[in-house]
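Remarks on the structure that follows.
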Amino acid sequence: MFGVGVVNEEWDNMMDVEPPEHELDPENTGFIPVENFTSLVEHHELQLDPSKLDMLLALVQSNEEGQVCYQELIELMSSKRSSSFRRAIANGRRTLQREILLDETGLGLYKRFVRYVAYEILPCETDRRWYFHQNRLCPPPVFIAVVTIVQIIVFMCYGIMLNKWVLQTYQPDFMKSPLVYHPGHRAQVWRFFSYMFMHVGLEQLGFNALLQLMIGVPLEMVHGILRISLLYMAGVLAGSLTVSITDMRAPVVGGSGGVYALCSAHLANVVMNWAGMRCPYKLLRMILALVCMSSEVGRAVWLRFSPPLPSSGPQPSFMAHLSGAVVGISMGLLILRSYEESLQKQCSWWVIVFSFITFLLFAIFWNIFAYELLGVQIPPPP
């Protein structure tokens with residue numbers, strides 16, 4: 001087994017200064033006896049990453065059968081996303097040598113921010129320490145930042161062009177934008193995504209931008225751009241498709257579907273791991289977040305059914321908020337709970353993906369056939 005795969009340079013160098021492989025695994029079973037492994041870890045001449053050394057020492061004590069799986073060692077040393085090291089430590093009889101991250105002293109501004117993010121997002125001290133020590137500046141959390149900047153630029157351009165900064169949807173020229181989702185233009189597929197760059201007014205933009213920066217950037221720093229962008233865009237798409245099914249006459253503007261996907265996933269993760277979360281004032285922050293989200297939904301409902309100027313413009317739907325929250329609780333919660341694990345290896349992930357694809361196919365056929373079959377009178381597109 002010691003000839004399988006390519007291990008990183010640290011491990012190769014360790015092997016160069018230690019006993020031959022037949023002494024470490026004399027029976028070629030793929031497992032290393034704890035006594036041999038302890039000697040290898042504690043007496044090697046290299047200075048390993050402190051977090052990796054902590055994990056290795058904990059791994060030594062974790063197996064009741066007195067042996068260490070070589071494949072788990074490979075995954076740990078190569079820093080792959082895997083639950084192997086976490087499981088080894090969780091099942092072990094000793095704790096890690098280092099104190100909790102909050103006791104770390106002499107940290108720079110960036111490392112203090114990384115420590116804050118670790119305690120804000122991750123419920124397990126082992127996960128927090130692993131993230132803290134392996135965190136790198138590249139790739140930076142650019143997705144949420146870029147989306148927010150584009151939303152602000154688009155809003156300012158339309159604000160200047162329309163000379164209106166509040167309730168822009170009541171400006172007749174606003175709905176002529178090629179970015180707005182309108183049921184009369186549903187054949188233009190990009191509108192099911194591009195509506196996230198348009199906003200009703202300054203208050204909706206400010207609320208969405210603040211939430212997605214405060215919650216989305218830390219989430220992207222921990223879980224990566226692919227997972228968070230997938231979650232955000234799934235919320236955006238689910239928002240417009242849900243409106244096209246449940247509120248067939250209403251247009252959609254705003255990034256609330258994606259924002260609520262992020263927020264609901266994070267809040268659900270905090271609730272599910274309440275005892276392990278160490279973010280400060282978590283109860284107060286939870287209450288404030290729920291109040292803000294509820295008031296935003298209430299405001300959207302009010303604009304839909306009791307608009308201030310009902311004859312002067314369309315009333316965008318509020319269903320995008322709710323569908324984004326559903327996406328966050330289902331898909332997002334699994335993503336946030338699988339920090340070390342590959343999503344592709346989890347049956348529940350494929351169940352969620354299959355459900356989302358089924359919903360997507362149903363919504364496509366609905367948009368093609370249902371409007372004509374049901375005789376829905378769509379407001380004329382601008």
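Values computed for the structure shown
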{"read-out": "Counted charge near HIS185, where neighbours are those whose Cβ lies closer than 12 Å (Asp, Glu -1; Lys, Arg +1)", "value": "+3"}
{"read-out": "Radius 14 Å from Cβ of LEU167, net charge of other residues (Lys, Arg +1; Asp, Glu -1)", "value": "+1"}
{"read-out": "Ordering of 125-132, 168-175 by packing [mean C-beta count within 10 Å, highest first]", "value": "125-132, 168-175"}
{"read-out": "Fewest-first ranking of ILE144, ILE287, using other Cβ atoms within 10 Å as the exposure measure", "value": "ILE287, ILE144"}
{"read-out": "In segment 260-309, chymotrypsin sites (Phe, Trp or Tyr not before Pro) in a DSSP loop with at most 13 other beta-carbon atoms within 10 Å", "value": "TRP274, TYR281"}
{"read-out": "Environment charge at VAL270 (Cβ cut-off 12 Å; Lys +1, Arg +1, Asp -1, Glu -1)", "value": "+3"}
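Taken together, the values in this text are just the output of simple stated rules run on the coordinates, not laboratory data. The model shown is predicted, which means the values in this text are computed figures rather than measured ones. Here Cβ is always computed from backbone atoms with ideal geometry, including for glycine, and neighbour counts include all displayed protein chains.
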